[in-house]
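Visitor: Here it is, the structure in full.
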Amino acid sequence: MMKLSKPCPKLKDAVKFSFALQIPLMLLAGLATDGGMIGQICLFAFVGFNSYLLSVLIFRPHSPTKFDLFLVRVGFLPSIILAGYLANYIWDLRGY
């Protein structure tokens with residue numbers, strides 16, 4: 001059986017900050033009255049970003065790089081922008 005160990009304190013603080021940023025933004029996106037487009041874009045970004053976060057926590061919990069710590073902290077904001085462009089492109093391809 002694999003023994004789980006605690007991640008480094010810097011990574012732990014970065015994850016806390018990340019969730020403190022993500023949760024209010026997701027709640028605000030859910031309150032937008034645009035037919036769900038902003039909520040869907042934020043959901044795409046949330047899933048994509050947290051898959052990266054999970055991979056950092058699995059593969060480098062004890063020795064994250066400085067870039068990992070930076071991306072874990074504020075990487076959700078650029079992922080929303082990227083998800084907005086990708087979602088609009090995919091919606092155009094699908095004919096919406």
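The values are calculated or read from the model by the stated rules, or taken from the named source; none is laboratory data. These numbers come from a predicted model, not from an experiment. For neighbour counting, all protein chains shown are included, and Cβ atoms are generated from backbone atoms with ideal geometry for every residue, glycine included.
Visitor: Can you find a residue in segment 85-96 that is at pLDDT below 95, of a type in the set (Lys, Arg) and either under 11 Å from the mean Cα position of the chain (by Cα) or surrounded by 13 or more Cβ atoms within 10 Å (Cβ to Cβ) (or both)?
Guide: Kept after step one, since they are at pLDDT below 95, are these residues of segment 85-96: 85-96.
Within this subset, residues satisfying the condition of being of a type in the set (Lys, Arg) are 94.
Narrowing the set further to residues that are either under 11 Å from the mean Cα position of the chain (by Cα) or surrounded by 13 or more Cβ atoms within 10 Å (Cβ to Cβ) (or both) leaves none.
No, segment 85-96 contains no residue that is at pLDDT below 95, of a type in the set (Lys, Arg) and either under 11 Å from the mean Cα position of the chain (by Cα) or surrounded by 13 or more Cβ atoms within 10 Å (Cβ to Cβ) (or both).
Visitor: Looking at this structure, is PHE70 surrounded by 12 or more Cβ atoms within 10 Å (Cβ to Cβ), out of contact with any helix residue (DSSP H, G or I) (no Cβ under 8 Å at 6 or more places or on another chain) and closer than 24 Å to LYS6 by Cα?
Guide: Yes, satisfied.
Visitor: For segment 1-42, which residues satisfy the criterion of being assigned to a helix (DSSP H, G or I), surrounded by 13 or more Cβ atoms within 10 Å (Cβ to Cβ) and aliphatic (A, V, I, L, M)?
Guide: LEU11, ALA14, VAL15, LEU21, LEU25, MET26, ALA29, MET37, ILE38, ILE41
Visitor: Something else about it: Within segment 43-67, how many residues turn out to be loosely packed, with under 14 Cβ neighbours inside 10 Å and either part of a helix (DSSP H, G or I) or not hydroxyl-bearing (Ser, Thr, Tyr) (or both)? I'd like the intermediate steps shown before the answer.
Guide: Of the residues in segment 43-67, the ones loosely packed, with under 14 Cβ neighbours inside 10 Å are 47, 51, 54-55, 58-59, 62-63, 65-67.
Cutting the leftovers down to either part of a helix (DSSP H, G or I) or not hydroxyl-bearing (Ser, Thr, Tyr) (or both) gives us 47, 51, 54-55, 58-59, 62, 66-67.
Adding up the residues that qualify gives 9.
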